[in-house]
Amino acid sequence: MMKNGRRKKELEFMLREGKELPKQQTITDNLLYFKECLYIPVNEDLQTLIAKGGDESQVAGHFTQDKTLEIITRDFYWKG
């Protein structure tokens with residue numbers, strides 16, 4: 001998780017210096033986004049919580065693994 005926090009700080013420094021951020025990376029409301037998806041740090045517990053939330057829709061029922069992945073990747077990004 002340290003590496004992800006360090007990256008955000010690097011991007012914030014670039015903004016303060018008036019430099020452009022790398023393509024597809026933005027900071028909005030103090031959150032880091034990649035390709036318009038919220039960037040999630042390497043944290044297995046947090047990633048699992050997000051994945052379970054996308055798979056437990058009370059309206060739509062239980063999704064397949066592929067459908068769950070499709071739904072999660074609309075809003076969230078993490079490496080791997």
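Miscellaneous remarks
- Fully extending the segment from LYS67 to LEU46 would add 5.6 nm, taking 0.36 nm per residue of separation and subtracting the current Cα-Cα distance.
- Potential lengthening between GLU17 and ASN30 on full extension [0.36 nm per residue; Cα-Cα distance subtracted]: 3.0 nm
Readers should treat all values here as calculations from the given coordinates under stated rules, not as data from a laboratory. Given the structure is predicted, the values throughout are model-derived calculations rather than measurements.
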